[in-house]
Structure formats: C-alpha cells, structure tokens
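These notes concern the structure reproduced below.
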Amino acid sequence: MNEALASARRVHLSVGNFADRVISSKMARQAVWLFGLNSAARGMAFIGSAYAARCLGPANLGISALVASISQLVVVLANGGLDTVAVRRIAANPGCARGITASIVWFRTRLLAAILPLGLCAVLILTSGEHAFAWCVGAILPIGTSFGLSFVFQGLEKLPLQALVSVLTSAVTAAAFFFFRPGMPAGSDVAVMAFAGFCGMLLSFWLFRALASQGGTDEPAPAIAALLRESRPYWMLAVVVYCYSTLQVPLVGYIAGKQSLGAYRSALMLVAGLDLLYSSINSLLLPRLVAWRRKGPTFLWHRQKELLFLFLFSGGAISAGVISLAPVVYRRFLGVAFTEAILPFQILVVGRLAVFVGQIFAWSLSALHLDRQFFLASLAGAVFSVGANLLFVPCYGIVAAAVVSVLSEIVVHGLCFISVKRYISRAIAISATNPI
C-alpha cells in the first residue's frame, strides 16, 4: 500500500513538474499567442472562404484550384529552399538577420522577375486565353508568398508578429469575400488572395524594419552563394514535397474534372485553417530543437516524447471536434453543391493531425543536419502519392485523393521518425561506450 502511494506521488510530481515546465517555457507562451491569433485568423478566413466558395460554385472553384497550384510551383522554384537555412542561421546567430534577409529578397526578386512573365505567357498560350483573368491575377500570388519574411520571425522566435500579419490579411480577405454575389467569375477569389497577400507582405517588411531598428541584427551575413550551396538540398526537397502534396490538385482536375476538383478544393480550403494553426506551432520547433540538441541526444529524445504526447492530445481533441462538425458546417455554409466533399474533408483532417505530430521528427532531421534522410522520406512520399493518385482517383474520385494525401503524409513522417530514432539510439550508444 505504501509502495503504491509512493508511486502515485512520484507520478503526480512528475506530471506537475512537466506542467510547470510547459507553462513557464518560452515556446509554450508563444504557442498560446499563436493559437489565439491564428484561431482569430482562421475563424475569419473560414467564414469568408465558405461564402466565396458558395458564390463561385464547384466549377469556378476548380479553376481557382488549378491557378493556385501552379502559382505554388512558382513559389517553390523561386524560394530556392532558403527558408530552412535562414531559420537555422538566424536561430544560431540573430545578429545576421538583416543581412540574410536582404540577400534572400534580392535573390527572389531577380528569379521572380524572370519566371513570372515567361510562365504567364506560356499558360495563356497553352490554355488559348481561357480564364485569362484568373491566370493573370494568379501570377501575383507568388509575390506575397515569397516575400512574407516568415523565416526571419521564425529564426528570431518572434512568430507572434507573423501571426498578427496572418490575422490582418485574413481579415482583409474575409471582408473582401463578403462583397461577392452568386455567379462570381472564375479567379475572383484568386484576386482577393493576391491583394491580401501583397498587403501582408508590406506589413511583414514594416514589422521587420521596426524589429531591426532595435539593433542587434546588423552583423555580417553569409553571401547568397554560400546560402544557396547550403540550401540546394532543401530546394530539391521543396520540389519533391510539391509532388506529394500540391501536384495532386492538377492531377485530380485532369482525372476527375473541374466540378469534382472544385468540391475537393473546398475541403482543402477549409482544412487549411487547421494546417495554419498546426504549422504556426510547428514553426516554433526548429530553434528549440537546435537548442535541445546541444544538451545531448538523451535530452533531445526526452523532449521529443513530451511534445509527441502534447501534440497527440491537443491535436486529437481539435481534430475530433472538427470531424464531428463537418456535415453541419458543409450543409449550412456551402450548400448541397459541395456535400460530396464532406467525407474527403474529414479524411484530410486526419492527415493534418498526422503532419502536426510528424513535424516534431521532420524538423528534428533539419536540426540534426540529416538533410539526406529528410529528402529520401519526402521522395518516398512523392512517388507513392503520384502513383496512388493515378491508380485510384479514376475509380474512387476525390475520396481516394483524400486517402492518398493522408497516407503520403504518414509515409513521409513515419520515415522521419524512424531516421531520428536510429540516429539518437546510435548517439546514445556511442556516448555510453565513450564517456567523457
């Protein structure tokens, strides 16, 4: 009996210590801010997006999905894989933030100036000018995304500022969507997103300028050539990630048609709220993981397990609530034209939870400089995604597309977990055999 009481007391103390550590940690405080700000942003974006989807209809929403997916490819090509490298460099030495930012902005400006005109001309020729307005405003989308400066705020652990930008851009987007009326032309939603993204970009620059004026960010920074040499694997990785995630959109449009793609796009738009909420918390991980790594593999693995428990508990509760409310939300906000997307949406919610949890180990690979393992995991996911979509979407439609999306994420993040566990097990074994 005494032994049982002592054991219970130890568990109570352990849980209490863990809770105190979570409450007092900088990461937890920032996570609370991010949760509040992004909940507000997602709430506004959800209502506005649902209303815009209803006004556009599935077919026009499908066209917007194609435009947005190609715009995302431009972002991948122009970003140069530099975000992860910049976060890692700035987290290790915040003094070089201004120089790194200037180099990256200069590089992306030159690349977009070459890609956007050529890409737009090619698309307009290949589509015979069909839906020209949607493609023209879609060419503006990569500008706001590429110059959002999220890597600076992430590296400096000032992401609540970036979340504030998301809140304001979501507010602008939602307000604009409420001016829509049924029968809006294709590309109307893309034009709103492009305008809001441009406003968000300007606000990000203003916030960073105010942050940099406080001093401590003017140390010499590596040249862009050095950054690009380091970012080359991440550039390739970004293309591979595009293949297992966003490439699915044009594949579904080609196989299932614009009507079904529009329904699937509605599921992607709504699940993006969860994605932003989860990714805003995940974006805090890399600087923390870099710091935990310095304290040794055992400490790092212990912290990862704690995060795994927290993320599963919090993400699982949120996901369960969203899944249960999905039928009511679709019927009330989007109408009967989009009811075929209810099940795909519920499946995609499970996929967002898998990503939320899996990013603990995906970011760990970056912190441990295991870039090759991360690339191979993503490549496996890309091969699986493209092959499975071509195999199953013709027979089972957008439900199959949603299942393939979830399984692709599980493949990628499952392999990340295995790679991290192997590395840490070896590191612990080596430190045990070679004590200092």
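Just one of 252, 239 is among the β-branched types (Val, Ile, Thr) and closer than 30 Å to residue 369 by Cα; which is it? Lay out the reasoning, then the answer.
Working: 252 fails: closer than 30 Å to residue 369 by Cα.
Sole residue among the options that is among the β-branched types (Val, Ile, Thr) and closer than 30 Å to residue 369 by Cα: 239.
Among the residues of the range 121-131, which ones are within 11 Å of residue 67 (Cβ to Cβ) and of a type in the set (A, V, I, L, M)? 123, the sole residue that qualifies. Restricted to the range 326-379, and to residues there that are of a type in the set (Phe, Trp, Tyr) and either buried (at least 21 other Cβ atoms within 10 Å of the Cβ) or not in a helix (DSSP H, G or I) (or both), the residue that is modelled with the highest pLDDT is 345.
Just a yes or no: is a residue in the range 302-311 of a type in the set (Asp, Glu), touching a helix residue (DSSP H, G or I) at 6+ places or on another chain (Cβ under 9 Å) and crowded, with 16+ Cβ neighbours inside 10 Å? No: the range 302-311 contains no residue that is of a type in the set (Asp, Glu), touching a helix residue (DSSP H, G or I) at 6+ places or on another chain (Cβ under 9 Å) and crowded, with 16+ Cβ neighbours inside 10 Å.
For the range 218-254, which positions are farther than 22 Å from residue 81 by Cα and over 22 Å from the mean Cα position of the chain (by Cα)? 218, 219, 253, 254, listed by residue number.
All but one of (1) under 24 Å from residue 231 (Cα atoms); (2) within 18 Å of the chain's Cα centre (by Cα); (3) at pLDDT 90 or above; (4) aliphatic (A, V, I, L, M) hold for residue 418, so report the exception by its number. For residue 418, the exception is condition (2). Evaluated against (1) more than 23 Å from the chain's Cα centre (by Cα); (2) surrounded by fewer than 19 Cβ atoms within 10 Å (Cβ to Cβ); (3) over 30 Å from residue 290 (Cα atoms), residue 60 falls short on exactly one condition, (2). Can you work out which of the residues in the range 86-114 that are within 23 Å of the chain's Cα centre (by Cα) and under 20 Å from residue 73 (Cα atoms) is surrounded by the most Cβ atoms within 10 Å (Cβ to Cβ)? Once the filter is applied, the top-ranked residue is 104.
Conditions (1) crowded, with 21+ Cβ neighbours inside 10 Å; (2) modelled with pLDDT under 90; (3) aliphatic (A, V, I, L, M), marked per residue:
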| residue | (1), (2), (3) |
| --- | --- |
| 399 | no, no, yes |
| 414 | no, no, no |
| 423 | no, yes, no |
| 433 | no, yes, no |
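Listed conditions (1) crowded, with 23+ Cβ neighbours inside 10 Å; (2) farther than 16 Å from residue 419 by Cβ are all met by residue 386, apart from (1). Taking residue 320, is it part of a helix (DSSP H, G or I), in contact with a Pro (Cβ under 9 Å, 6 or more places away or on another chain) and under 20 Å from residue 355 (Cα atoms)? No, not satisfied.
Filtering 198, 179 for residues that are over 20 Å from the mean Cα position of the chain (by Cα) and surrounded by fewer than 20 Cβ atoms within 10 Å (Cβ to Cβ) leaves a single hit, 179.
Taking residues in the range 175-202 that are more than 16 Å from residue 134 (Cα to Cα), and partners anywhere that are of a type in the set (Val, Ile, Thr) and surrounded by fewer than 17 Cβ atoms within 10 Å (Cβ to Cβ), not one pair has Cβ atoms closer than 8 Å while being at least 6 places apart or on different chains. Does residue 208 count as crowded, with 19+ Cβ neighbours inside 10 Å, in contact with a Ser or Thr (Cβ under 9 Å, 6 or more places away or on another chain), assigned to a helix (DSSP H, G or I) and not β-branched (Val, Ile, Thr)? Judged against the criteria, residue 208 is a match.
Quick grid of which residues meet (1) at pLDDT 90 or above; (2) out of contact with any Gly (no Cβ under 7 Å at 6 or more places or on another chain):
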{"site": "172", "(1), (2)": "no, yes"}
{"site": "183", "(1), (2)": "no, yes"}
{"site": "186", "(1), (2)": "no, yes"}
{"site": "190", "(1), (2)": "yes, no"}
{"site": "195", "(1), (2)": "yes, yes"}
{"site": "204", "(1), (2)": "no, no"}
{"site": "212", "(1), (2)": "no, yes"}
{"site": "215", "(1), (2)": "no, yes"}
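Among 337, 320, which is within 27 Å of residue 254 (Cα to Cα) and small (Gly, Ala, Ser)?
On the way: 320 fails: within 27 Å of residue 254 (Cα to Cα).
Only one candidate qualifies: 337.
Are any of the residues in the range 48-66 among the small types (Gly, Ala, Ser) and either more than 23 Å from residue 345 (Cα to Cα) or modelled with pLDDT of 90 or more (or both)? The answer is no, given that none of the residues of the range 48-66 is among the small types (Gly, Ala, Ser) and either more than 23 Å from residue 345 (Cα to Cα) or modelled with pLDDT of 90 or more (or both).
The values are calculated or read from the model by the stated rules, or taken from the named source; none is laboratory data. For clarity, every value in this text was computed on a predicted model and none was experimentally measured. No Cβ is skipped: glycine too gets one built from the backbone with ideal geometry, and neighbour counts run over all protein chains shown.
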